[in-house]
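Every read-out reported here was derived from the displayed coordinates using simple, explicitly stated rules and does not represent laboratory data. Fair warning: this is a prediction, and the values are worked out from it, not measured in the lab. Cβ placement follows ideal geometry from the backbone for every residue including glycine, while neighbour counts extend to all protein chains displayed.
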There are 2 protein chains.
Amino acid sequence: MKFELTILGSNSALPTSKRFPTAQVLNVLERFFLIDCGEGTQIQLKKFRVPMSRINHIFISHLHGDHFFGLIGLISTFSLQGRMSDLHIYAHSKLEKIIRFQLEILESRLSYELVFHNIFGKEVQNLFDDETLTVQSFPLKHGVMPCAGFLFKEKERPRHLKKDMLDFYRIPIRARHGIKLGDDYLTEEGELIPNAKLTLAASPPRSYAFCTDTAYFPRIVPLIEKVDLLYHEATFLKDDEKRAKSTYHSTAEQAANIAQEAGVGKLIIGHFSARFHDLSAHLYEAEQVFSNTALAEDGCVFEIPLKSNK
Amino acid sequence: MKFELTILGSNSALPTSKRFPTAQVLNVLERFFLIDCGEGTQIQLKKFRVPMSRINHIFISHLHGDHFFGLIGLISTFSLQGRMSDLHIYAHSKLEKIIRFQLEILESRLSYELVFHNIFGKEVQNLFDDETLTVQSFPLKHGVMPCAGFLFKEKERPRHLKKDMLDFYRIPIRARHGIKLGDDYLTEEGELIPNAKLTLAASPPRSYAFCTDTAYFPRIVPLIEKVDLLYHEATFLKDDEKRAKSTYHSTAEQAANIAQEAGVGKLIIGHFSARFHDLSAHLYEAEQVFSNTALAEDGCVFEIPLKSNK
């Protein structure tokens, strides 16, 4: 029952030899959702042993190169590997033009279908929804460049049946689905058995929010309230707050303020400017505001374990 | 007086976590010529401390992604760094379309000029020529994909003047340029001083040939004859000779045959299939035919020292 984030790249526009540009992968129950795809993402996926064939959905926050220049290489590699299943890409519509233009001019025929989904970028948008997970995008503040944050939320799980109680009340199979969803049970004798007697609560759903690139933008707080894990960019330190504002980026302190205001479980800061070799000042600055902070470094894994039943 | 090759990437189409796709840089007297630009090239340039601002010429062999997907990232990074000087790119004309389309759709304005030079691909073509170096392209055999090899040749250096002999014969400044180029000298008294008495030979020019991707193609032998250093692809081993032929690649033995027939100084083999973790079989196979062979591994440096005067 994994819900686990792996950082593939954690740097801002100019990569360093140790920090690749932005990319990360969220493992939700062994399905791998790729978030951003900077140059070298396919190399990092191999290095950190992510099963590439389990990636079916790729979310691209915005069209600065450090967030998508690795996509064409990954698309090509999937085809060289003989991939058959559709690959869904959620991004600004210009990305589809860029990718299809290259494939056409090079007369590349892929072994599978590319399915693009346009992120309109002005409002909260439902991108993905199945029986276990929803993914929404929401606008960030990155100057003239439309930029989306992403919210991954597990759905409520059905309640766990107490087998011994079902046997005791001789509850037929056909009634069990409703009981899992919270129904009480009326016996043939007319006795009402409350659901709480028949079930245990499932562990609550887990959630992850990805917020980069963005200036300090408190409007996102209600959208990401109480997520278990928040990734928020922290390109700069407080000393550079003016520069952060003018380039539509955040400081480590601002990232921590967002985490604090939203009451999240844990904060990961990343998208560091290439000029910082040592990131301890970023961590210190954020921890002064929000203590449960970690640095996004390439290869780091952040697991959200199943929470205990209520 | 450096003439030195650094391997930035040595793998074929599918990169591994240890071998990046094809890219290398040739340092000729502290000017850096980039040859191919697979995904992640800019990361490798940083890792191996190549002074990026000294790259003014990029040569792209062909338009399979593993040879150029790193170019758009490098172009963007140069602009973020505020580069001013022109960047010359030598490639099939489709590459210019791909790059310019991306820049236009993303409304990117570069801080410098991109100058594209079309490689026509059917014959030997002079790409670059200045006072110290020439670069030519020549066709390789890579199926329907036009693919160019590159030949880098230093020009003959002027001969070294023997200062004491010039003083002895009281040779005026104005005559010295011709003597450096090999002229004899006629004294005012009518005595002919042979050039060999007045000069020493300069060290002979050095040369490098880059041949990937290609099937075994002996037609290139006269073009690369006696180069000091030859890089030749060796995607496969002899066991896979049929597969090499059908995919227009070479085996390690075939690469060594080319080196042997052309009488080169040293052979480097590269562009290894991702399925080979251990490359000792490639090296062994090539060495049976041509003993002075080395493996191209990411970060390897091959220097061609100045040769002794004749």
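Which distances, shortest first and in nm, link A:Phe120 to the matching position in the other copies, using label points set 7 Å out along Cα to C-beta?
Result, one decimal in nm: 5.2.
Of the listed peptides B:295-306, A:18-29, what is their order by residue-averaged count of other C-beta atoms within 10 Å, with the highest listed first?
Answer by packing, highest mean first, reads A:18-29, B:295-306.
With θ set to phi - 60°, apply the Karplus curve 6.51 cos²θ - 1.76 cosθ + 1.60 along region B:21-29 and write out the HN-Hα couplings as whole Hz, x wherever there is a Gly or Pro.
The phi angles translate into x, 4, 6, 7, 9, 9, 8, 10, 6 Hz.
If N is the number of residues in region B:135-215, what value comes out of its Cα radius of gyration divided by 2.2 N^0.38 Å?
1.81
What is the distance, in nm, between label points placed 7 Å from the Cα along the Cα-to-Cβ direction at B:Arg275 and at A:Lys122?
Reported label-point gap for B:Arg275 and A:Lys122 is 5.3 nm.
Could you work out Rg/(2.2 N^0.38 Å) for region A:181-310, with Rg from alpha carbons only?
Normalised by 2.2 N^0.38 Å, the Cα Rg of region A:181-310 equals 1.47.
Along the charge dipole of the protein assembly as shown, which of A:Ser79, A:Leu8, B:Phe68 sits closest to the positive end, that is, farthest toward it, with unit charges on the beta carbon of Lys, Arg, Asp and Glu (+1, +1, -1, -1)?
Final value for the positive-end residue is A:Leu8.
Over region A:160-199, what is the relative contact order in percent, taking alpha-carbon pairs closer than 8 angstrom and at least six residues apart?
46
For region A:62-173, just the Cα set please: Rg and Dmax, both in angstrom.
When restricted to Cα atoms, region A:62-173 yields Rg and Dmax of 20.8, 69 Å.
For B:Met84, B:Met52, which order do you get if you count the other beta carbons within 10 Å of each Cβ and list the fewest first? Working shown, then result.
Numbers: B:Met84 10, B:Met52 17.
Ordered from fewest to most neighbouring Cβ atoms within 10 Å, B:Met84, B:Met52 come out as B:Met84, B:Met52.
With the label 7 angstrom out along Cα to Cβ, how close does A:Ala175 come to the same site in each of the other copies, in nm, nearest first?
Nearest to farthest, the other copies are at 12.1 nm.
Could you run the Debye sum over the Cα atoms of the protein assembly as shown, one equal point scatterer each and no solvent, and tell me log10 of I(q)/I(0) at q = 0.05, 0.07, 0.12 Å⁻¹, two decimals?
Calculated log10 I(q)/I(0) at the listed q: -0.31, -0.55, -1.17.
Just from its helices, what would the mean residue ellipticity at 222 nm be for chain B, if runs of 4 or more DSSP H residues each count -39500 (n - 2.57) and the sum is divided by every residue, rounded to the nearest 500 deg cm²/dmol?
-6500 deg cm²/dmol
Can I get the semi-axes of region A:1-61's equivalent ellipsoid? Compute them from the C-alpha gyration tensor as square roots of 5 times the eigenvalues, in angstrom, largest first.
Equivalent ellipsoid semi-axes, largest first: 20, 11, 10 Å.
Can you work out the FRET efficiency for the pair A:Asn195 and A:Arg219, with r the C-beta to C-beta distance and R0 = 41 Å, to the nearest 0.05?
According to the calculation, E is roughly 0.60.
First measure r as the distance between the Cβ atoms of A:His177 and A:Lys97, then evaluate 1/(1 + (r/R0)^6) with R0 = 41 Å and state the FRET efficiency to the nearest 0.05.
After rounding to 0.05, the efficiency reads 0.35.
For A:Glu104 and B:Glu156, FRET efficiency with R0 = 45 Å and r from the beta-carbon atoms, rounded to 0.05?
After rounding, the FRET efficiency stands at 0.45.
In debye, nearest 20, what is the charge dipole magnitude of the protein assembly as shown about its Cα centre with +1 on Lys and Arg Cβ and -1 on Asp and Glu Cβ, if you could check?
Dipole of the protein assembly as shown, to the nearest 20 debye: 120 debye.
If the chain between A:Ser246 and A:Asp86 were fully stretched, how many nm would it gain, using 0.36 nm times the residue separation less the Cα-Cα distance? Don't skip to the answer; put the middle values down first.
Values: separation 160, 0.36 × 160 = 57.60 nm, distance 3.98 nm.
Using 0.36 nm per residue and subtracting the Cα-Cα distance, I get 53.6 nm.
For a distance above 13 Å, tell me the whole-number percent of Cα pairs in region A:160-199 that qualify.
42
Taking each residue in B:40-48, count the Cβ atoms of any other chain within 10 Å of its Cβ, then average. What number comes out?
If you average over the peptide's residues, the count of other-chain Cβ atoms is 5.
Peptide A:70-76: average number of partner chain Cβ atoms within 10 Å per residue? Write out the running numbers ahead of the final one.
Details: counts 5, 1, 6, 11, 2, 1, 7.
Average neighbour count from other chains, rounded to a whole number: 5.
Taking every pair of alpha-carbon atoms in chain B, what share in percent sits in each 20 Å bin, from 0 to the bin with the longest distance?
31, 49, 18, 2
Between region A:22-85 and region A:237-271, what is the C-alpha centre distance in whole Å?
26
Mind listing the label-point distances from A:Phe101 to the same position on all other copies, shortest first, one decimal in nm, points 7 Å along Cα→Cβ?
0.6
Can you list the trypsin sites (Lys or Arg not before Pro) in region A:99-150 that are in a DSSP coil and have 13 or fewer other beta carbons within 10 angstrom?
A:Arg109, A:Lys122
Please tell me which of these pairs span more than 29 angstrom C-alpha to C-alpha: B:Lys163/B:Lys226; A:Lys163/A:Lys307; A:Lys97/A:Lys245; B:Lys97/B:Lys242; A:Lys94/A:Lys141; A:Lys155/A:Lys197?
Check vs 29 Å cut-off fails for B:Lys163/B:Lys226; A:Lys97/A:Lys245; B:Lys97/B:Lys242.
Using modelled amide H (1.01 Å from N, peptide plane; none on Pro or chain starts), what sits under 5 Å from the amide H of B:Ile89, excluding residues fewer than 5 places away?
B:Ile58, B:Val115, B:Phe116, B:His117
Plugging the Kirkwood radius over Cα pairs into Stokes-Einstein for region A:97-148, at a temperature of 37 °C and a viscosity of 0.692 mPa s, what D comes out in µm²/s?
Value of D from the Cα-based Kirkwood radius: 240 µm²/s.
Shielding of B:59-68 by partners, i.e. mean partner chain Cβ atoms within 10 Å per residue?
Shielding by partners across B:59-68 averages 2.
Could you work out the pair-distance distribution P(r) of region B:30-117 from its alpha-carbon pairs, with 5 angstrom bin width and percents rounded to whole numbers?
All Cα pairs considered, the percentages come to 3, 14, 28, 29, 20, 6, 1, 0.
Any lysines with Cα under 24 Å of the A:Lys47 Cα? List them, leaving off those in the same chain fewer than 8 positions away.
Filter leaves A:Lys2, A:Lys18, B:Lys18, B:Lys46, B:Lys47.
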